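Chemist: The following block contains the structure, expressed as structure tokens.
The values are calculated or read from the model by the stated rules, or taken from the named source; none is laboratory data. As the structure is a computational prediction, the values presented were derived from the model and not from experiment. Note that we place each Cβ from the backbone using ideal geometry, even for glycine, and neighbour counts take in every protein chain shown. When the accessible area is computed, the model is the full protein with side chains, heavy atoms only, and any ligands, DNA or RNA have been set aside. Shrake-Rupley method; radii C 1.70, N 1.55, O 1.52, S 1.80 Å.
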Amino acid sequence: MFENMIFAENEDENEMLPMFSVTDEDEESVNKEKYSETLPLLALKNTVLFPGVVIPITVGRDKSIKAVKRANRLNKTIAVISQKEVNTEDPKMEDLYPIGTIARILKLLKMPDGSTTVILQGRSRFQLLGLSQEDPFLIARIKPFKDVVPKSNLEFNAMISSVKDMAKKIIELSPQIPSESVVMLQNINNKGFLINFIASNLNIDVSKKQHLLENNDPLDKVKSIMGSMDKELQMLELKSQIERKVRGDIERQQRDYFLNQQLKTIQEELGQNPQQEDLLKLAERAKEKKWSPEVAKAFEKDLTRAKRMNPQVAEYSVILNYLELMLDLPWEEYTEDNFDLKKVKKVLDQDHHGLEDVKDRIIEHLAVLKLKGDMKAPIICLVGPPGVGKTSLGRSISNALGRKFIRMSLGGLHDESEVRGHRKTYIGAMPGRIIQSIKKAKSSNPVFILDEIDKIGKDFRGDPSSALLEVLDPEQNSTFHDNYLEHDYDLSKVLFIATANSLSTIQPALLDRMEIIQISGYSTEEKVEIAKKHLIPKQRKDHGIKANQVKLSNPIITKVIREYTRESGVRGLDRQIAGLMRGVAKRVAMEEEYNVSVQADEVKTYLGPAKFSKDKLAQINTPGVAVGLAWTRVGGDILFIEASLSKGKGKLTLTGNLGDVMKESATTALSYLKSNAEKFGIETDRFANTDIHIHVPEGAIPKDGPSAGITMLSALVSVFTGKKIKPLAMTGEITLRGKVLPVGGIKEKILAAKRAGLKKVMMCEENRKHVEEINQNYLKGLQFIYVEQMEQVIKHAIGI
């Protein structure tokens, strides 16, 4: 507000033209003035002229200059009106507001830059009736009307007083408005002019000012002005408050700086220096560290630099953090291993059921350490489906050995500096997660779990898997180099255990450095034992249920496993047991009656309808459908191969989201069948006149691999001969010569067949050794058929 309170300079007499104030006598003379019905018209772009107010206007448009000069020559009276749009250069009648102000030209000035400035004094309002001329300048037909004289009642006077007070506050809060303006406002006695003067100086839009000009009700006009002034006053108060706060913060910072400088001087005079004391403490700690001479020399060098450096310099804190990291690292500090191998075996068996290969490998490592006293730790990679206990096994191993435990998740890691750290010259630099984890463990021989190593990312920021090559190489990790630490650190005593769901996405060079231990899925019998020993006690504790408040028998656990889960691990089983516990907890908390021993018919009440069943196997009663066994990242599963024939020209169609290897298996099976059709009683002419379609259901799931070869051939022979395939599952790769080759994932596939209720499994003779490795107690009820040639497959599957 009041930003446009200007005093125009009189060019001739070099004196100031004061802001014009209309007195009561002037108001009477204004009301008595007579004006012509037509006057030259000046259209204003971005302001509004109010009666009684003097404003300077820079005139730029030709029509406007001609209108001002014409009016100045005649009687110095001109009609002034605001236009609706600022961008309109040649306004017409519809572009102008209906109400304007008749003005007197006080001074017409030619400025040094060639522009024309006119000083106008508003006299009286008028209504625009029309335009009698548009060229060479605008002449308006007007109807002057008198201003409504404000009534001097109590409410109006109080509002005028409030307006003056608010204007005074605004002037005080606005540094760009001279303080003399307060005196000038106090000297304005004419209430009408005061309203117009403040309205003219309000910091509001032209349209709102025009609305005030057109308003005939003085009381309503004052209310609108007070509303606008109140908003501006709030804005100024908030701005002033912010400025005071900022000024106070700056003054406080300067005060703190001077006080710190004075304190520093006093401490130096007294022989005290807190920074030097901190550095002395670091030097004392360094004497106790068991590090190499090279590291000790580097530490002393940086410590000397810190002593010479001004503590206010930014680099001082960088060096201090670096020195503290060097001291916090456990250089050649090791925890003592537990060499009671029987106790270690007992701890491992208590925490995890099965997983004998991993347990034996850990016991072997400890045995060598016990005999030799020193040995580089192995780099173990546990590969298996989700939920089989790979990660939790790492914590169990650390407890058994008496070592510290570190877990580092590599899933989604895509920045190499996460492993190697940043150079300390960068702002905010820090060591990599390997060194940070060692520092946190306070031991140089922890059990270090590298979780989900098969899910490391790779992008323009680097390849973390390449950075891990040094970490996971027993020949190199004794001199691991972190970019922040800048000194070799010995990781050779760290027992690294990586976990993965698949080996296919791991870089070959990284895979070559690790000792792979496959962890197969659990059989139903193993899951029952795991549930009894681990899952049920854990969920019972988590849900606040006592042992005598719920009991789950083996048949009930088996029912939950077979009808509510379909997995290799036990995560899904854990969730279902948690569901049972929640149901029991609800009944205990609400004091309802229930069976402590959960019955078979009550499982549905707790967990809902069964999610999986074996009924789909019973529906296979048509030729051309065979049951295969597949290995997936989540374990084994059964796979249906469907074949159908139609009249055509021998075209082969493959559907079901199959990969290239699986498509090649289908082509190989068909080629073998064509060349040996007579052996199976099939006419060779049928292939040329028949289109073949092979489909693998669940098309949304990608499928690939060679192990469905004998299954596809069995389905083709079945559909061509019209004979049904016997209820058995099969897996194996085929060749054009009719040989059956071995495949992988045998344990998972056998467990999948058993889960599905199949009694017979057919596979390659060379896979017999893999079956013999499985605990024979888990193979009860299964019959295995071992084959070497495709003729044997067809004989056992179809009976040809």
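Chemist: Quick one: in the stretch 68-83, of everything that is in contact (Cβ under 8 Å) with a residue 60 or more places away in the chain and not hydrophobic (A, V, I, L, M, F, W, C), which residue is least open to solvent (accessible area, probe 1.4 Å)?
Modeler: Ser82
Chemist: Next question, about the same structure. From Ile195, Ile170, which residue is open to solvent by less than 70 Å² (accessible area, probe 1.4 Å), β-branched (Val, Ile, Thr), more than 18 Å from Asp220 (Cα to Cα) and in contact (Cβ under 8 Å) with a residue 40 or more places away in the chain?
Modeler: Unique residue meeting the criteria: Ile170.
Chemist: Sticking with this structure for a sec: In the list Val358, Val388, Val344, which residue meets the criterion of being buried (at least 20 other Cβ atoms within 10 Å of the Cβ) and assigned to a loop (DSSP other than H, G, I, E, B)?
Modeler: The match here is Val388.
Chemist: Right, next: Only one residue in Leu580, Leu535, Leu573, Leu607 is in contact (Cβ under 8 Å) with a residue 24 or more places away in the chain and either exposed (fewer than 13 other Cβ atoms within 10 Å of the Cβ) or more than 30 Å from Trp631 (Cβ to Cβ) (or both), so which one is that?
Modeler: Being in contact (Cβ under 8 Å) with a residue 24 or more places away in the chain and either exposed (fewer than 13 other Cβ atoms within 10 Å of the Cβ) or more than 30 Å from Trp631 (Cβ to Cβ) (or both) holds for just one of Leu580, Leu535, Leu573, Leu607, which is Leu580.
Chemist: Mind checking whether some residue in the stretch 711-732 is surrounded by fewer than 16 Cβ atoms within 10 Å (Cβ to Cβ), farther than 26 Å from Gly384 by Cα, over 45 Å from the mean Cα position of the chain (by Cα) and not basic (Lys, Arg)?
Modeler: Checked the stretch 711-732: at least one residue is surrounded by fewer than 16 Cβ atoms within 10 Å (Cβ to Cβ), farther than 26 Å from Gly384 by Cα, over 45 Å from the mean Cα position of the chain (by Cα) and not basic (Lys, Arg).
Chemist: Let me ask another. Do you know which residues across the stretch 652-666 are closer than 20 Å to Pro623 by Cα and open to solvent by 20 Å² or more (accessible area, probe 1.4 Å)?
Modeler: Leu652, Thr653, Leu654, Thr655
Chemist: Still on this structure, I have one more. Of all residues in the stretch 474-496, how many are under 16 Å from Phe299 (Cα atoms), assigned to a loop (DSSP other than H, G, I, E, B) and free of Cβ contacts under 8 Å to residues at least 60 places away in the same chain?
Modeler: Residues flagged as under 16 Å from Phe299 (Cα atoms), assigned to a loop (DSSP other than H, G, I, E, B) and free of Cβ contacts under 8 Å to residues at least 60 places away in the same chain within the stretch 474-496 amount to 0.
Chemist: Identify all residues within the stretch 676-689 that are touching a residue at least 12 places away in the same chain (Cβ under 8 Å) and either touching a strand residue (DSSP E or B) at 6+ places or on another chain (Cβ under 8 Å) or open to solvent by 30 Å² or more (accessible area, probe 1.4 Å) (or both); write none if there are none.
Modeler: Within the stretch 676-689, Lys679, Gly681, Arg686, Ala688, Asn689 qualify.
Chemist: So, one more: With the structure loaded, tell me whether Ile438 is β-branched (Val, Ile, Thr) and either over 24 Å from Val295 (Cα atoms) or without any contact (Cβ under 8 Å) to a residue 40 or more places away in the chain (or both) or whether it fails that test.
Modeler: So Ile438 fails the test.
Chemist: Output yes when any residue across the stretch 783-793 is touching a residue at least 60 places away in the same chain (Cβ under 8 Å) and open to solvent by 20 Å² or more (accessible area, probe 1.4 Å), and no when none is.
Modeler: So far as the stretch 783-793 goes, yes, one or more of its residues are touching a residue at least 60 places away in the same chain (Cβ under 8 Å) and open to solvent by 20 Å² or more (accessible area, probe 1.4 Å).
Chemist: Based on this model, can you work out whether Arg403 counts as modelled with pLDDT of 85 or more, open to solvent by less than 50 Å² (accessible area, probe 1.4 Å), basic (Lys, Arg) and farther than 30 Å from Ile319 by Cβ?
Modeler: Judged against the criteria, Arg403 is a match.
Chemist: Would you mind telling me which numbered condition in (1) open to solvent by 40 Å² or more (accessible area, probe 1.4 Å); (2) within 39 Å of the chain's Cα centre (by Cα); (3) within 14 Å of Gly402 (Cβ to Cβ) Asp328 fails?
Modeler: Of the numbered conditions (1) open to solvent by 40 Å² or more (accessible area, probe 1.4 Å); (2) within 39 Å of the chain's Cα centre (by Cα); (3) within 14 Å of Gly402 (Cβ to Cβ), the odd one out for Asp328 is (3).
Chemist: Among the residues that make up the stretch 138-152, is at least one of them within 15 Å of Phe50 (Cβ to Cβ), touching a Leu at 6+ places or on another chain (Cβ under 7 Å), in contact (Cβ under 8 Å) with a residue 24 or more places away in the chain and surrounded by 13 or more Cβ atoms within 10 Å (Cβ to Cβ)?
Modeler: no
Chemist: Is it the case that Gly705 is at positive phi, open to solvent by 10 Å² or more (accessible area, probe 1.4 Å) and of a type outside the set (D, E, K, R)?
Modeler: yes
Chemist: Something else: If you scan the stretch 519-574, which residues turn out to be under 22 Å from Asp637 (Cβ atoms), under 33 Å from the mean Cα position of the chain (by Cα) and not in a helix (DSSP H, G or I)?
Modeler: Selection gives Thr565, Arg566, Glu567, Ser568, Gly569, Val570.
Chemist: Restricting to the stretch 424-440, give me the number of residues that are under 17 Å from Leu320 (Cβ atoms) and open to solvent by 50 Å² or more (accessible area, probe 1.4 Å).
Modeler: 6
Chemist: Specify which of the listed residues (Lys754, Lys749) is in contact (Cβ under 8 Å) with a residue 40 or more places away in the chain, crowded, with 24+ Cβ neighbours inside 10 Å and closer than 20 Å to Tyr522 by Cβ.
Modeler: Lys749
Chemist: Pro474 passes all but one of (1) closer than 20 Å to Ile380 by Cβ; (2) modelled with pLDDT of 85 or more; which number fails?
Modeler: (2)
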